[in-house]
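Encoded as structure tokens, the structure appears first; notes follow it.
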2 protein chains.
Amino acid sequence: MKHVDVVVIGGSAAGLTAAITARRHHPEKKVVLIRKEEQVLIPCGIPYIFGTVGSPEKNLIPDGMLSKNDIELVIDEVTEIDRDAGEVKTVGGESFGYDRLVVATGSLPAMPPIPGFELENVFPIFKDVDHLKHMQGVLKEVSDLAIIGGGFIGVEFADECKKSFKANVSILEMLPRCLMLAYDEEFCERAEELLKERGITPMTDTKVKRVVGDGRVEGVELADGRTMPAQAVIVGIGAVANVTLAKNAGLHIGPTGGIIVDRTMRTSDDRIYACGDCAEKVSFFGGRPSPLKLASIATAEARIAGANLFGTRRESIGTVGVWSTVIGETAFATAGLTESLAERHGYEFVVGAAEAPNRHPAGMPGLHSMKVKLVFEKRTGVILGGQVMGDKAAGEVINAISACIQQRMTAEDIAVFQTGTHPALTSSPVSYQFVNAAEAAIAVM
Amino acid sequence: MKHVDVVVIGGSAAGLTAAITARRHHPEKKVVLIRKEEQVLIPCGIPYIFGTVGSPEKNLIPDGMLSKNDIELVIDEVTEIDRDAGEVKTVGGESFGYDRLVVATGSLPAMPPIPGFELENVFPIFKDVDHLKHMQGVLKEVSDLAIIGGGFIGVEFADECKKSFKANVSILEMLPRCLMLAYDEEFCERAEELLKERGITPMTDTKVKRVVGDGRVEGVELADGRTMPAQAVIVGIGAVANVTLAKNAGLHIGPTGGIIVDRTMRTSDDRIYACGDCAEKVSFFGGRPSPLKLASIATAEARIAGANLFGTRRESIGTVGVWSTVIGETAFATAGLTESLAERHGYEFVVGAAEAPNRHPAGMPGLHSMKVKLVFEKRTGVILGGQVMGDKAAGEVINAISACIQQRMTAEDIAVFQTGTHPALTSSPVSYQFVNAAEAAIAVM
């Protein structure tokens, strides 16, 4: 048995970042990262393999980040965490003793018990190069592609597959709107319009009864009795924490199925930390269990776990939920609570929105309208969430909003917020959307 | 005499925003805006008239913003503020009584006493359509253009003039680097490289002795004795507060020459507010007088002044200083203190920087490297400033950094900051520059 100071299980966003952070904060410690994959896919880049990027091999996390940070990489599969002995055992017959262990085993695609999901050419999205290569080969040939799930993954797969393949692409979404868990009505409506303009068929309020076919998928039967043709089906309805190892080792598991961690990312075993999709999360808003699973949450958690291994210095404030997507040239970004989420959390709230060009004057290149909507708690004026729809800079505007949310800034604070503006980069200082959305909310408080 | 509740003098960013804010917060009040210009130029867009935008007429603030907000526009020049009578008088012979007055008279180009500045074709940058049209006509024809001043204005004029005109373009900067008041060495160096790649000649450590010519400019004589040919000279060395009216009315004037205001933007007269370039400013860092003059500062101040007119509700936290520029396809953005400004303010500080692609994987379109550098107070870890160099989204990244500065967040807060990331919009969550720059600083604290 080899003994090392820190063992990290998992090589995706959480594991990699936890290892790098451990190295940064504990330069004298020996860090080993064990992962089962020869090559690690950039998780958020997976939909783009099927269009813009072109192949799984062009969507890999470079291992140079490990060697550069003096982290030993072991490619092997951990089969057991022996907490009493303080060691992990692998398929390859090795065992590694640890002082501290970080579990970053990620998630697996959610597969609800819909009949026919076992048929050939029904594709859950495994983060595996060979699986995705096979999937790409099949999708190239089919005439009709059905994507089950109209969240980010479904929408991104639809947009990318439409770019590259000849297939008719439909999105089947149970809820009244695509992207409905992340955006309010008017944003979802615009997203669906853009999907249609791009030749994709979003079918909302549409429940799948079963997938039909003889060995291989031939169609999707809907709850309303219709059957639509489909020679391939992508299942993009979310992910479940991959906690088999942790569960077998007796670590406590939480209400959403993740490994329970405290705010320092420590599990029910003092020497074991967990982060990323496999870890249970609580919401920044009220502290209830949060089902969100995002690479950016994973890395934030990993930076907490990695820094705390030999002495607590960081605590999680809970999951805010900040993310974005793109349809064509229009970016959609969200942070914190939408109106409907605010309602579900029991807040009394007011909203304000502002829309303006992202350049000034309008003759500047790259012109695109940008809309910002903000949600505030009514009595205190504290910001609860924001949504942005506009050009690609929306992906960074949302990070300014996220900072304000994490600092519990009020509408008054944001109304006098000092921004930088520039003709070629942003809206005018008079029209700056973020600030004007706060003013609009104040007017109805 | 006409009596109105609120009179605003000035129609640029500050005056317009003060009037709109007054309307929003005091819907029952009558608001009149008096300005002398028939048409108001977008101030930050002025350099772009000479290249990308094409003419002054395409760079105007639309008057629709006034009518839409039920603000009466009077085009006339105010000649006197009679504080005892509570009225302003105009060239046109009108007088307006006011309950509250907002002075937003802006700034004028700084003109140091360099001999020859009175020659024909030496152009200070007046915010005036006819002046700029004439200037455009002249610049089109000359062979050699000298721009005095290598700050934002100088650099932007150089880049735009080079795009459209045949002239050799030189920038004459007294300091060792262009853009040196806003960026540290490595950023300035890259900016100068980009200027050179674009065929512009930045001449630093270069002091102008006088402008020479017979009636019309023919050259610029430097302090080292050389004379360089120039048939036109642009003077872009800053601006001075336009306070003649205020001074004549006996309002107190501050150390940088602006109208003294308290944190609520009230002048030494309880019924008179001032905002924008004409108002004296204090730094967010330590509260000393600040010479910064930016449209985005003007609008933030105007939102404070406009809301406070009939009851104080907002206070300024002082000027952070957030702004950006673009050279070719590379944006430069800054907020708060650079290393050298931090030193001048007496801080002990540490810095951290991180550079990474703005997309993940690298095959995503729009790839550009983005570098973020952060400056932190050493003992408390509080962020003092940030600089960004990268793609156009840098203009919004700096606003996230600005939020963190205004909230006095620490490096630890930023290291666990929850960002949104997306393959088509930002760097990867593992490499996210802002967060990693904080981690890099923590490593040396």
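Annotations
- Those residues of the stretch B:351-373 which are crowded, with 24+ Cβ neighbours inside 10 Å and either modelled with pLDDT under 95 or touching a helix residue (DSSP H, G or I) at 6+ places or on another chain (Cβ under 7 Å) (or both), in sequence order: B:H360, B:M370, B:V372, B:K373
- Residue identified as surrounded by fewer than 24 Cβ atoms within 10 Å (Cβ to Cβ) and either in contact with a Lys or Arg (Cβ under 6 Å, 6 or more places away or on another chain) or at the interface with chain B (Cβ under 7 Å from one of its Cβ atoms) (or both) among A:E377, A:E348: A:E348
- Filtered by the rule that a residue be assigned to a strand (DSSP E or B), within 16 Å of the chain's Cα centre (by Cα) and β-branched (V, I, T), the stretch A:307-337 gives A:T319, A:V322, A:T325, A:V326, A:T334.
- Cβ-Cβ distances below 9 Å connect the following pairs, each with a first residue in the stretch A:428-440 that is at the interface with chain B (Cβ under 9 Å from one of its Cβ atoms), a second residue that is in a loop (DSSP other than H, G, I, E, B) and among the basic types (K, R), and a separation of six or more residues or different chains: A:S428/A:R359.
- Between A:A13, A:A22, the distinction of being within 15 Å of A:K127 (Cβ to Cβ) and among the small types (G, A, S) belongs to A:A13 only.
- Each residue in the stretch A:414-427 was checked for being within 7 Å of chain B (Cβ to nearest Cβ), β-branched (V, I, T) and under 23 Å from A:F376 (Cα atoms), and 2 of them qualify.
- Any hit, the stretch B:122-139, residues being crowded, with 17+ Cβ neighbours inside 10 Å and among the basic types (K, R): yes
- Hey, B:R263 over 18 Å from the mean Cα position of the chain (by Cα) and either away from chain A (no Cβ under 13 Å) or at pLDDT below 95 (or both) or not: no
- Yes/no for A:Q387 being over 20 Å from B:T325 (Cβ atoms) and at the interface with another protein chain (Cβ under 8 Å from one of its Cβ atoms): no
- Qualifying residue in the stretch B:278-292 (condition: more than 30 Å from B:G395 (Cβ to Cβ), of a type outside the set (D, E) and either outside any loop (DSSP other than H, G, I, E, B) or at pLDDT 95 or above (or both)): no
- Applying the set (1) under 30 Å from A:S324 (Cβ atoms); (2) of a type in the set (A, V, I, L, M); (3) outside the structural domain of A:I81 (by TED's automatic domain parsing); (4) in contact with a Phe, Trp or Tyr (Cβ under 7 Å, 6 or more places away or on another chain) to A:M265 leaves exactly one unmet item: (3).
- Considering (1) away from every other protein chain (no Cβ under 11 Å); (2) surrounded by fewer than 20 Cβ atoms within 10 Å (Cβ to Cβ); (3) touching a residue at least 60 places away in the same chain (Cβ under 8 Å), the lone condition that B:C278 does not fulfil carries the number (2).
- If you filter the stretch B:110-150 down to residues that are among the basic types (K, R) and within 22 Å of B:G11 (Cβ to Cβ), you find that the one that is nearest to the chain's Cα centre (by Cα) is B:K127.
- Contact map, the stretch A:46-61: first residue touching a residue at least 12 places away in the same chain (Cβ under 8 Å) and at the interface with chain B (Cβ under 9 Å from one of its Cβ atoms), second residue surrounded by 21 or more Cβ atoms within 10 Å (Cβ to Cβ) and among the small types (G, A, S), Cβ cut-off under 7 Å, separation 6 or more or different chains; pairs are A:N59/A:G45.
- For the stretch A:62-105, the set of residues classified as closer than 30 Å to A:Q136 by Cα and within 14 Å of chain B (Cβ to nearest Cβ) consists of A:P62, A:D63, A:G64, A:M65, A:L66, A:A104, listed by residue number.
- A:G328 more than 8 Å from every other protein chain (Cβ to nearest Cβ), touching a residue at least 40 places away in the same chain (Cβ under 8 Å) and under 24 Å from A:G258 (Cα atoms): no
- When the stretch B:401-427 is filtered for residues that are free of Cβ contacts under 8 Å to residues at least 24 places away in the same chain, in contact with a Phe, Trp or Tyr (Cβ under 9 Å, 6 or more places away or on another chain) and either part of a loop (DSSP other than H, G, I, E, B) or outside the structural domain of B:V351 (by TED's automatic domain parsing) (or both), the ones remaining, listed by number, are B:F417, B:Q418, B:T419, B:G420, B:H422.
- In the set A:M364, A:M389, only one residue is in a strand (DSSP E or B) and at negative phi; that residue is A:M389.
- Just one residue in the set A:I171, A:I147 is touching a Phe, Trp or Tyr at 6+ places or on another chain (Cβ under 6 Å) and among the β-branched types (V, I, T); that residue is A:I147.
- Verdict on B:T325 being more than 22 Å from A:T419 (Cβ to Cβ), touching a Phe, Trp or Tyr at 6+ places or on another chain (Cβ under 7 Å) and not small (G, A, S): no
- Positions within the stretch A:293-306 being over 20 Å from A:A249 (Cα atoms) and either assigned to a helix (DSSP H, G or I) or polar (S, T, N, Q) (or both), in sequence order: A:A295, A:S296, A:I297, A:A298, A:T299, A:A300, A:E301, A:A302, A:R303, A:I304, A:G306
- In the stretch B:399-408, the count of residues that are β-branched (V, I, T), out of contact with any Lys or Arg (no Cβ under 8 Å at 6 or more places or on another chain) and either within 7 Å of chain A (Cβ to nearest Cβ) or surrounded by fewer than 24 Cβ atoms within 10 Å (Cβ to Cβ) (or both) is zero.
- Condition broken by B:I148, with the remaining ones in (1) surrounded by fewer than 23 Cβ atoms within 10 Å (Cβ to Cβ); (2) closer than 30 Å to B:I253 by Cα; (3) touching a Leu at 6+ places or on another chain (Cβ under 6 Å) satisfied: (1)
- Restricting attention to the stretch A:151-177 and to residues that are in a loop (DSSP other than H, G, I, E, B) and charged (D, E, K, R), the residue that is farthest from the chain's Cα centre (by Cα) turns out to be A:K166.
- Checked against the criterion of being of a type in the set (G, A, S), within 14 Å of another protein chain (Cβ to nearest Cβ) and either within 13 Å of A:I398 (Cβ to Cβ) or surrounded by 24 or more Cβ atoms within 10 Å (Cβ to Cβ) (or both), the stretch A:309-325 contains one or more residues that satisfy it.
The values are calculated or read from the model by the stated rules, or taken from the named source; none is laboratory data. Keep in mind that what you see is a predicted model, and the values were worked out from it rather than measured. FYI the Cβ positions are ideal-geometry reconstructions off the backbone, even for glycines, and counts take in every protein chain you see.
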